[in-house]
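Q: Next up is a structure, given as structure tokens.
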Amino acid sequence: MRLKLVPGETNIPFMGVRKITYVISVAALILSAVMFFGQGLNKGIDFEGGIMIEVGTPEPADLSKMRSLLGGLGLGEVALQEFGKPEDVLIRVERQEGDSEAQNAAVLKVQAVLDKEIEGISYRRVEFVGPKVSGELVEAAAWAVLTSVLVMLAYIWLRFEWQFSVGAVAALVHDVMLTMGMFSITGIEFNLASVAALLTIVGYSINDTVVVYDRVRENLRKYKQLPLDELLSKSVNETLARTTMTSVTTLLALGALVVFGGEVIRGFALAMTWGVVVGTYSSIFVAAPLLLLFGLKRGSREEFDEDGNRLTEEGFPADV
């Protein structure tokens, strides 16, 4: 017996609820923007700079005790969090004034007080990120996301009408902004792995959107008299089973990463999980309705087959 998450044929009036989904999306975007510019992101050491020390204790760590011990060292802001098991702790110390010697001195202070108070403690990793490196990483991450969006814009513009291109990029911006809002609201650490998640979400979202847009383009040739809103709903319904199955199988894999992947990749897995959900939503409820909003016209560009032959209105080669 084959599993079907969505019936083979559906007739859901997606375009009929587009005004409701517009309101939902705009409200979510405003909330994300307010949180992003108001609260900001919990930037990891990759972007903020500073010292990161991963330690292991023989028994479940007493974070309040450790926080009290390190708070009196005069090192500025010190953040502690469990890192996987209760015995694993990640210590983040803000960047110290001075050169590498000042950073090493701060590490020695931390190790001295912990060695004195916690017997059997071990130090598994110590990392330093300076202000120049963190600034370069921020700039490189921003350019990576922006470049990917611009390349997508150019690709869709060449392959489809301009309305498709603008609609696809608008859906991408929608997904990226909601993901950034999720980072801000939840306080999940934003680091280089998070940027990798954003770029993956961009690729996932555009893939889903192009599948829907391809079906829209095919149906524009096939149903010449069908109103555009009905044609768009029909196109989304025809790709709904594929979109849903792809999303569910991806979420199953990501769910395993969230539960069993450990603290190191949990932020990446959570961001990807949220991105898949948002990307699926935008492909169905944002990308297609935007074509109506941007005034998609029938036959505004000549259609060609895969061999470059011009097609008639009925979809047959014009030169045959």
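The values are calculated or read from the model by the stated rules, or taken from the named source; none is laboratory data. Because the structure is a prediction, the values reported are computed rather than measured. FYI the Cβ positions are ideal-geometry reconstructions off the backbone, even for glycines, and counts take in every protein chain you see. Keep in mind that these areas ignore ligands, DNA and RNA; they rest on the heavy atoms of the full protein, side chains included. Shrake-Rupley method; radii C 1.70, N 1.55, O 1.52, S 1.80 Å.
Q: Could you list, in sequence order, all residues of the stretch 180-191 that are open to solvent by 60 Å² or more (accessible area, probe 1.4 Å) and of a type in the set (A, V, I, L, M, F, W, C)?
A: Correct list: I185 only.
Q: Related question: Take the residues in the stretch 55-73 that are surrounded by 19 or more Cβ atoms within 10 Å (Cβ to Cβ) and touching a residue at least 60 places away in the same chain (Cβ under 8 Å), then tell me which one is farthest from F128 (Cα to Cα).
A: T57
Q: Write out, first by first residue and then by second, each pair whose Cβ atoms fall under 6 Å of each other, whose residues are 6+ apart or on separate chains, and whose first residue, in the stretch 143-164, is closer than 14 Å to T200 by Cα while the second is assigned to a loop (DSSP other than H, G, I, E, B).
A: Pairs found: none.
Q: Could you figure out which of (1) of a type in the set (K, R); (2) open to solvent by 70 Å² or more (accessible area, probe 1.4 Å); (3) assigned to a helix (DSSP H, G or I) isn't true of R217?
A: (2)
Q: I'd like to check something: does the stretch 8-27 contain any residue that is open to solvent by 20 Å² or more (accessible area, probe 1.4 Å), part of a helix (DSSP H, G or I) and farther than 30 Å from T239 by Cα?
A: no
Q: Any idea which residue in the stretch 79-117 is most open to solvent (accessible area, probe 1.4 Å), counting only those that are among the basic types (K, R) and within 32 Å of the chain's Cα centre (by Cα)?
A: In this case the residue turns out to be K85.
Q: Could you list all residues from the stretch 124-140 that are within 20 Å of the chain's Cα centre (by Cα) and at pLDDT 75 or above?
A: E139, A140, listed by residue number.
Q: Taking the stretch 192-203 as the search range and keeping residues that are in contact with a helix residue (DSSP H, G or I) (Cβ under 7 Å, 6 or more places away or on another chain) and surrounded by fewer than 21 Cβ atoms within 10 Å (Cβ to Cβ), which one is nearest to E139 (Cα to Cα)?
A: My answer is L192.
Q: Consider L231 carefully, then state whether it is open to solvent by less than 30 Å² (accessible area, probe 1.4 Å), under 30 Å from A79 (Cβ atoms) and among the hydrophobic types (A, V, I, L, M, F, W, C).
A: No; evaluated as a whole, the condition is false for this residue.
Q: Taking the stretch 240-292 as the region of interest, how many residues are polar (S, T, N, Q), free of Cβ contacts under 8 Å to residues at least 24 places away in the same chain and closer than 15 Å to T200 by Cβ?
A: The total comes to 1.
Q: Follow-up. Would you point out which residue out of G44, G76, G120 is under 26 Å from the mean Cα position of the chain (by Cα) and in contact (Cβ under 8 Å) with a residue 12 or more places away in the chain?
A: After applying the criteria, what remains is G44.
Q: Quick one: which helices (runs of 4 or more DSSP H) lie wholly within the stretch 222-320 and hold at least 1 residues that are more than 22 Å from R18 (Cβ to Cβ), at pLDDT 80 or above and polar (S, T, N, Q)?
A: Because the criterion is at least 1 residues that are more than 22 Å from R18 (Cβ to Cβ), at pLDDT 80 or above and polar (S, T, N, Q), the helices (runs of 4 or more DSSP H) in the stretch 222-320 that meet it are 228-260, 263-282.
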